[in-house]
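J.: First the structure, then my questions, so here it is.
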Amino acid sequence: MDIKRLSLLHRLTRILDRNHFGTIDYELAKFFLDNYRSISKMNIYEIAERNFVSRASIRRFASHIGYENFAVMKQHFQDFDEGAEVYLKVHGTADFRIGLYRFLSLMMEELNVRMNSSEVSWLVKEIDQAQEVAFIVSSHIAGILQTFQQELVIFGKRVTLLSNEEDICASLDYFGPETMVIVFSISGLLAETLAPVIKCFTGKKILFTLKRAPEFNYNFEKIYHLRSQENTDIPDVFYYSYAVHYVLDVILSEFLKLKTERNDFNDL
């Protein structure tokens, strides 16, 4: 599966969030988001007419956000409906809050065991000692990692965040054996899709995921599975937010503990 299918919604909303009001890109992004359920049934002529732009403008827009052409971009809109079904099944229940409390309690209890002190301590020391650290994540959780990235900078550790295929591939020219790569691929799709690229990184590689796949062992030095094989009750969607926040908060706490022990905060 093409990784761009995972980032279409992120790319469209990012154009709106940058507030380029009135530009062709802004108006087209707004149109695609307003009509995402029906885009797959529209042709380029209809979209051009409804937005008072040329077909060339639509082709340029598709290229601008990373697609080979508009036809390829249009195929990816079907993923929105697939995602809606997942959220309706989990969040659309009458007793959602009761279920949420139960799921979070179970998830945090298990994560507290799986992210034990020795494991986190080892990971934080590796992050601290690495000359370069790069986080590779899907656009779905990039915002969470961006906050973590800023928190680390405040306390003296610069890290790079990569969330699209173009930047990840380009980084191969700059990152060598001294770069530690940490991949967050909750479903495992990102790690599978980018396996040929990730293989080219020559430094230490760490993976956080739900999926257990033997092929991951060839690409990563260490794999943190966020749940046990027996745990199938908790919907995956909760791991994309709550579990990621938990893991990053634990890492940040251990990082600050390490810095405190070294008296790195004397000048604060």
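J.: Pop out the carbon and sulfur fraction of the accessible area of the chain as a percent, whole number, probe 1.4 Å.
T.: Details: 7380 of 14490 Å².
On the chain, the fraction of accessible area on carbon and sulfur atoms equals 51 percent.
J.: Go from 0 up to the bin containing the longest alpha carbon distance in region 74-208, width 5 Å each, and give me the % of pairs per bin.
T.: Bin by bin from 0 Å, the calculated values are 2, 8, 14, 17, 19, 15, 11, 9, 4, 1, 0.
J.: Okay, next question. Please list, in chain and number order, the residues 5+ apart from L161 or on another chain whose amide H is under 5 Å from its amide H, with Hs placed from the backbone.
T.: When sequence neighbours closer than 5 places are left aside, the close amide H contacts are F135.
J.: With the other protein chains left in place, how much accessible area per residue, in square angstrom, belongs to the chain at a 1.4 angstrom probe? Write down the numbers at each step before the final one.
T.: Details: 14490 Å² over 268 residues.
Dividing the accessible area of the chain by its residue count gives 54 Å².
J.: Could you count how many Lys pairs in region 1-150 have their Cα atoms under 26 Å apart, skipping same-chain pairs fewer than 8 positions apart?
T.: The number of close lysine pairs in region 1-150 is 9.
J.: Further question on the same structure: Need the full-extension length gain, E46 to S241, defined as separation in residues times 0.36 nm minus the C-alpha distance. One decimal, nm.
T.: Working: separation 195, 0.36 × 195 = 70.20 nm, distance 3.76 nm.
Gain in length upon complete extension: 66.4 nm.
J.: Please compute the modelled spin-label separation between F96 and D128, points set 7 Å along Cα→Cβ, answer in nm with one decimal.
T.: Modelled inter-label distance: 4.1 nm.
J.: Sort the following peptides by mean Cβ neighbour count (other Cβ atoms within 10 Å, averaged over residues), highest first: 96-103, 131-138, 120-127, 195-202. Could you put the intermediate results ahead of the total?
T.: Numbers: 96-103: 13.0, 131-138: 20.9, 120-127: 16.8, 195-202: 14.8.
By packing density, highest mean first, the sequence is 131-138, 120-127, 195-202, 96-103.
J.: Moving to a separate point now. Around K204, what is the net charge, scoring Lys/Arg as +1 and Asp/Glu as -1 over all other residues with Cβ under 15 Å from its Cβ? Don't jump to the answer; show the numbers that get you there.
T.: Working: positive: K125, K199, K205, K222; negative: E119, E126, D128, E132, E178, E221.
Around K204, the surrounding residues sum to -2.
J.: Given region 144-232, what count of lysine pairs have C-alpha atoms under 16 Å apart, with each pair 8 or more places apart or on different chains? Walk me through the numbers before you get to the answer.
T.: Values: K199/K222; K204/K222; K205/K222; K211/K222.
Pairs that pass both the separation and distance tests number 4.
J.: Also: Rounding to the nearest 10 and keeping the result within 0 to 90°, find how far the Cα-based axis of helix 8-17 lies from the longest principal axis of the chain.
T.: That works out to roughly 80 degrees.
J.: Pull up all non-local amide H partners of F175: gap of 5 or more, or a different chain, and H-to-H distance under 5 Å with H placed in the peptide plane.
T.: Under 5 Å from the amide H of F175: no residue qualifies.
J.: Which shape class, rounded, prolate or oblate, goes with region 131-192 when its Cα gyration tensor gives a ≥ b ≥ c as root eigenvalues, a/c under 1.5 marks rounded, and past that a/b bigger than b/c marks prolate?
T.: Details: a/c = 1.91, a/b = 1.12, b/c = 1.70.
Oblate.
J.: Hey, what number do you get for the chain at 222 nm if only DSSP H runs of n ≥ 4 count, each worth -39500 (n - 2.57), divided across all residues, to the nearest 500?
T.: Numbers: 14 runs with 144 residues, N = 268.
Taken over the chain, the calculation gives -16000 deg cm²/dmol.
J.: How large is the translational diffusion coefficient of the chain in µm² per second when you combine the Kirkwood radius over alpha carbon pairs with Stokes-Einstein at 20 °C and 1.002 mPa s? Don't jump to the answer; show the numbers that get you there.
T.: On the way: Rh = 20.6 Å.
In µm²/s, the coefficient is 104.
J.: From largest to smallest, what semi-axes in whole angstrom does region 128-250 give when each is the square root of 5 times an eigenvalue of its alpha carbon gyration tensor?
T.: 22, 18, 13
J.: Using amide H atoms built 1.01 Å from N in the peptide plane, name the residues 5+ places from K222, or on other chains, whose amide H lies under 5 Å from its own.
T.: K205, L207
The values are calculated or read from the model by the stated rules, or taken from the named source; none is laboratory data. Just so you know, these numbers come straight off a predicted model, no measurement behind them. With ideal geometry, Cβ positions are generated from the backbone for all residues, glycine too; neighbour counts draw on all protein chains shown. Remember, those area values only see protein heavy atoms, side chains included, never the ligands or the DNA or RNA. Shrake-Rupley method; radii C 1.70, N 1.55, O 1.52, S 1.80 Å.
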